[in-house]
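One structure is given below, encoded as structure tokens.
No value in this document is a laboratory result; all are computed from the given coordinates. Here the structure is a predicted model, which means the values were calculated and not measured. Because the Cβ atoms are built from the backbone with ideal geometry, glycine has one as well, and the counts that use them run over all protein chains shown.
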């Protein structure tokens, strides 16, 4: 386990060095924004249009102290890096459209600027009925792009947009790409690096289904590297942060001093429960229930995409069980669906009041989950506080130090491995209480197939107990 911890630290060090290297780019062209007009000489739109014509890297300085109201998207179309430096100004979209987009894979580095949408969105005032919903910042990766695609945000706030607050997309099937696990769509061979420091994402993703605070979609070969420091993701309609790595490649994440609070309630149960069938779940003996007798998919609600409908059949074709649910979302969600690993370190962070899991990490095929959690709190999430699930061959290993999981509707901590692989958990100075509706599950550890499982708890208080399968406890 010590070797795994050292490997995690080496990965994080590589991540930081990769991010810092972006600042070494020589800037070939510079432009000054001298007024707050939407267009014309001295405007930010004119600066970006001029940068689009440049063959080299571009830097834009916003000197005007006034906020900028824009009437349409600011589109950067060059493949060269773009750097924008503000002084705390707000770029305010006056209608529902994406505020700033890099459409051709050009790296972006943005400092001291706020991005504000028109606001007022919710499931009963959707943005996608007459459009796709505007985002705050979008970076689209080219299908033939190689190397490392970089987004750097420092002292940035994104709020009141209908769709994703921040989106990096290396996926060729558009909006359907990153909706959870499975790895749908294809993309470029490039890797993606996202670095956020002192970034606030608030009240975004309330105008359509599955719109996150930060969404990164990485497909084909390549890794997804994320460094999120001193930031917050609050009141997001779907996940506060969703990192989706769909094919070959790993997810490497460093999270420090960041909050994921009160996210995932676009599909609000108080509004949608009335549309569920009277019998929203059932289990049956073979031959008892035909598939045609299962209640149909829900229609006519404020957003039918919010409902999950699952039907399991016996080999005979009769129904074994069915279930309907409302799709609320997580604080921090990672899906690694192809061959590759998850390496993550979460330090000095809070995960509070999210409407599904607080932290939800899933690895679906070959690969392992390597997790470090230090000085972090999961509190009052509707489902599990921290959930780690490895569905293919691979290990689940974690160091949990001086952290807590309390008052969550699901289990406090979950570490599960469903196929060949080991479960290795060390918990030191860890506290759990009143999780799983007081049903006695502070920490669940499961190894279902070949492999071994070990958990060691040191100076910890797991007041609501362990639920262990295929794992040995060493104290």
- For the range 334-373 and the range 379-432, distance of Cα centres in Å: 10
- Given N residues in the range 270-422, what is Rg(Cα) / (2.2 N^0.38 Å)? 1.24
- Task: Calculate, for residue 112 and residue 132, the FRET efficiency according to 1/(1 + (r/R0)^6) with r their C-beta to C-beta distance and R0 30 Å; round to the nearest 0.05.
- Result: 0.55
- Item | Residues of the range 339-382 with amide N under 14 Å of the 7 Å Cα→Cβ point at residue 257 | 347-350
- Item | Separation of the residue 448 and residue 30 label points, Cα + 7 Å toward Cβ, nm | 5.8
- Stretch gain in nm, segment residue 273-residue 375, where the contour uses 0.36 nm per residue and the Cα spacing is subtracted: 33.1 nm
- Task: Could you please rank 108, 443, placing first whichever residue has the fewest other Cβ atoms within 10 Å of its Cβ?
- Result: 108, 443
- For the residue pair residue 293 and residue 124, what label-to-label distance in nm results when each label sits 7 Å from Cα along the Cα-to-beta-carbon direction? 3.7
- Message: From the helices alone, meaning DSSP H stretches of at least four residues, give me the mean residue ellipticity at 222 nm for the chain, per-run term -39500 (n - 2.57), in deg cm²/dmol to the nearest 500.
- Response: -2000 deg cm²/dmol
- Could you state the number of Å between the C-alpha centres of the range 221-283 and the range 48-91? 30
- Note on the structure: Going from the fewest other Cβ atoms within 10 Å to the most, one would list 210, 384 as 210, 384
- Message: Tell me whether the range 46-196 comes out rounded, prolate or oblate; compute the Cα gyration tensor, take square roots of the eigenvalues as a ≥ b ≥ c, and use a/c under 1.5 as the rounded threshold.
- Response: oblate
- Query: Semi-axes of the equivalent ellipsoid of the range 270-326: what are they in whole Å, largest first, if each equals the square root of 5 times a C-alpha gyration tensor eigenvalue?
  - Reply: 24, 10, 8
- Going by alpha carbons, how many degrees (0 to 90, nearest 10) lie between the helix axis of 2-21 and the longest principal axis of the chain? 20
- Assuming a ≥ b ≥ c are the square roots of the Cα gyration tensor eigenvalues, decide whether the chain counts as rounded (a/c under 1.5), prolate (otherwise, with a/b larger than b/c) or oblate. prolate
- Arrange the following residues from fewest to most other Cβ atoms within 10 Å of their Cβ: 44, 137, 110. 110, 137, 44
- Would you mind calculating the gained length between residue 146 and residue 420 on full extension (0.36 nm times residue separation, minus the Cα-Cα distance), in nm to one decimal? 95.3 nm
- Query: Is the shape of the range 248-348 rounded, prolate or oblate, going by the alpha carbon gyration tensor and its root eigenvalues a ≥ b ≥ c, with a/c under 1.5 for rounded and a/b larger than b/c for prolate?
  - Reply: oblate
